[in-house]
Number of protein chains: 2
Amino acid sequence: MQVSQRLTVEVIDITDPADERVDDFRDLNSVDRRPDLPALPGGSVGKALVIAEGVLVVQRMIASRFSPHALFGVDRRLAELSGDVVEGAGGIPFYRASKEVMAEVIGFHLNRGVLSAARRPQALTVAAAISSARTVAVLEGVNDHENIGSVFRNAAGLGVDAVIFGPGCADPLYRRCVRVSMGHALLVPFAKSDDWAGDLERLRGDGFRTIALTPGEGSVPLRQAVQGEKLAFLVGAEGPGLKEHTMRSCDVRAHIPMSRGTDSLNVATAAAVAFYEALSR
Amino acid sequence: MQVSQRLTVEVIDITDPADERVDDFRDLNSVDRRPDLPALPGGSVGKALVIAEGVLVVQRMIASRFSPHALFGVDRRLAELSGDVVEGAGGIPFYRASKEVMAEVIGFHLNRGVLSAARRPQALTVAAAISSARTVAVLEGVNDHENIGSVFRNAAGLGVDAVIFGPGCADPLYRRCVRVSMGHALLVPFAKSDDWAGDLERLRGDGFRTIALTPGEGSVPLRQAVQGEKLAFLVGAEGPGLKEHTMRSCDVRAHIPMSRGTDSLNVATAAAVAFYEALSR
């Protein structure tokens, strides 16, 4: 038993939905107050918290570099977390409430019954994220939270060591993204590129073969492109795909053989196929 | 120009949301009235319509064996369909409405702006669905509409000729499934198995190598399992997976190599990887 890895929590019962102590979990779906927004509509600064929901994702947050500073849930979920949290003085608060009070605070009924909140740690640099990586995913213009969450899940399952976000990507730490990723957004190292052209060069300079996934002309079948020790797969959003100048700076363009020309696969599915090809060599 | 393949429509303006002529599109999200339900809660018979939404999916319905008997949309979407529908006497109705009237009828604002409705044609038998197929997907216990929709999309993109639904699967013709499939649920032949053990035998008898996808013991890596002219990939729901007696009746069990043991991939993603492996041989 690795008791030392458990999180110590102090259980505090919440009976008043207006209680300010649970403000970090308030109005999770409200566009102008959501605590997981770095910037609120109108430009004011948001809390920029990371919210995990459900026993599995909360467990992964506890195991990650995102240390929760508070949990909020119903008694049954506290019991289900007994392998991961232990009650004790000086711990972080576990705000315990009925499901009705919880629904009033967060703004909807949460079937998963438990949440944890963390402040965002310092972001990783691209250099740090790729430093010991063998396979990385590099996204450009992927602005759909569910797709980003799925990329993280597929990356974790299929041996990808880091995810790099280029221009136009959505925030990978939004609640929905964290949920769809099954918590792997908290575990797979990622970094946001602030110097896109420079970071693409950095990847090549660090020995990565940069492979642009595209159904377009001049591309080779994926299997043919996957060679070399270190691989970076670049994927763009469904529809527009990668920008031409991005593809030009890559070592090779690769396509997934498709049977009925016009339809692309979902971006996370296409990425999964590429990750699989890299893992199965 | 293949004018003969266009659908002839008669435009009828709808200004009253209560107009009974658009009842086939009414209350699309209402649990107890939805026109795409074969059976309504309580057991009464539903309309069992198939509803396509959005220009792309409506186009695919028109091209499919699901002949629409009515369309409902805003004027702009009618214009966007000009390559697929032509106005003329004796055509099926295109009920044209403002987006406000349309929202009142269907019960929410539909950004995609156009719907078509078809009565369900006679279901295919398993024998008919697999008769000229080379690669088929066989689902057991997959009861999530989005996953089924994604399986159809991936099947269409990656060369799968038919989808067979075993016990415990959700209806592949629900609106959400058709939407997520990008309309491919209407184009890829599918059949529901009424004799599960018999149909698994039929597949083998017809020369299909039946491959059970499972992360479990006794499985070989996917690439090793993919051999032979005709392939049938069996996939179960996330979590429970395929039933043991189903796997026992298959030729081989195969796993997708995974990097972090515990997490399975999403079922549609796992299926896509298998389809890719079959297509890339």
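Considering (1) part of a strand (DSSP E or B); (2) open to solvent by 50 Å² or more (accessible area, probe 1.4 Å), the lone condition that A:F94 does not fulfil carries the number (2).
Considering only residues that are more than 10 Å from every other protein chain (Cβ to nearest Cβ), within 13 Å of the chain's Cα centre (by Cα) and of a type in the set (G, A, S), look in the range A:131-153 and name the one that is farthest from A:R119 (Cα to Cα). My answer is A:A137. At pLDDT 95 or above, of a type in the set (V, I, T), outside the structural domain of B:G149 (by TED's automatic domain parsing) and outside any loop (DSSP other than H, G, I, E, B): is that true of B:V86 in this structure? In short, no. Could you list, in sequence order, all residues of the range B:204-213 that are touching a helix residue (DSSP H, G or I) at 6+ places or on another chain (Cβ under 7 Å) and either within 14 Å of chain A (Cβ to nearest Cβ) or open to solvent by less than 20 Å² (accessible area, probe 1.4 Å) (or both)? Within the range B:204-213, B:T210, B:I211, B:A212, B:L213 meet the criteria.
Yes or no, residue by residue, for (1) part of a loop (DSSP other than H, G, I, E, B); (2) polar (S, T, N, Q); (3) open to solvent by less than 10 Å² (accessible area, probe 1.4 Å):
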| position | (1), (2), (3) |
| --- | --- |
| A:P167 | yes, no, no |
| A:R176 | no, no, no |
| A:A191 | no, no, yes |
| A:D194 | yes, no, no |
| A:G218 | yes, no, no |
| A:Q224 | no, yes, no |
| A:A232 | no, no, yes |
| A:R253 | no, no, no |
| A:P257 | yes, no, no |
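When B:S30 is tested against (1) part of a strand (DSSP E or B); (2) of a type outside the set (D, E, K, R); (3) closer than 17 Å to B:R176 by Cα, only condition (1) is not met.
Among the residues of the range A:154-163, the one identified as open to solvent by 10 Å² or more (accessible area, probe 1.4 Å) and within 7 Å of chain B (Cβ to nearest Cβ) is A:G159.
If you check B:V136, B:V101, B:V142 for being in contact with a Leu (Cβ under 9 Å, 6 or more places away or on another chain) and touching a residue at least 40 places away in the same chain (Cβ under 8 Å), only one passes: B:V136. Applying the condition of being crowded, with 18+ Cβ neighbours inside 10 Å and more than 9 Å from chain A (Cβ to nearest Cβ) to the range B:259-271 and asking which residue is nearest to B:V163 (Cα to Cα) yields B:A271. Inspect all residues belonging to the range B:65-76 and state whether any of them is loosely packed, with under 12 Cβ neighbours inside 10 Å and at pLDDT below 95. Within the range B:65-76, not a single residue is loosely packed, with under 12 Cβ neighbours inside 10 Å and at pLDDT below 95. When B:L279 is tested against (1) open to solvent by 40 Å² or more (accessible area, probe 1.4 Å); (2) more than 7 Å from every other protein chain (Cβ to nearest Cβ), exactly one condition is not met: (2).
A search for C-beta distances below 6 Å between a residue of the range A:46-69 that is acidic (D, E) and any residue that is crowded, with 16+ Cβ neighbours inside 10 Å and in a helix (DSSP H, G or I), counting only pairs 6+ apart in sequence or on different chains, returns A:E53/A:R179. Scanning the range A:205-264 for residues that are without any contact (Cβ under 8 Å) to a residue 24 or more places away in the chain and of a type in the set (S, T, Y) turns up A:S259, A:T262. From the list A:E100, A:E146, A:E201, the one residue that fits, being of a type in the set (D, E, K, R), surrounded by fewer than 19 Cβ atoms within 10 Å (Cβ to Cβ) and either part of a loop (DSSP other than H, G, I, E, B) or assigned by TED's automatic domain parsing to the domain that holds A:D36 (or both), is A:E100. Annotation note: of A:A133, A:A79, A:A127, the sole residue that is farther than 23 Å from A:L37 by Cβ and open to solvent by less than 20 Å² (accessible area, probe 1.4 Å) is A:A133. Only one of the listed residues (B:V58, B:V50) is crowded, with 16+ Cβ neighbours inside 10 Å, part of a strand (DSSP E or B) and of a type outside the set (G, A, S). That residue is B:V50. Yes or no: the range B:81-98 includes at least one residue that is hydrophobic (A, V, I, L, M, F, W, C), within 16 Å of B:A52 (Cβ to Cβ) and either without any contact (Cβ under 8 Å) to a residue 40 or more places away in the chain or within 14 Å of another protein chain (Cβ to nearest Cβ) (or both). Yes.
The values are calculated or read from the model by the stated rules, or taken from the named source; none is laboratory data. Here the structure is a predicted model, which is why all the values come from computation and not from measurement. Note that we place each Cβ from the backbone using ideal geometry, even for glycine, and neighbour counts take in every protein chain shown. Surface areas here come from the heavy atoms of the whole protein model, side chains and all, with no ligands, DNA or RNA. Shrake-Rupley method; radii C 1.70, N 1.55, O 1.52, S 1.80 Å.
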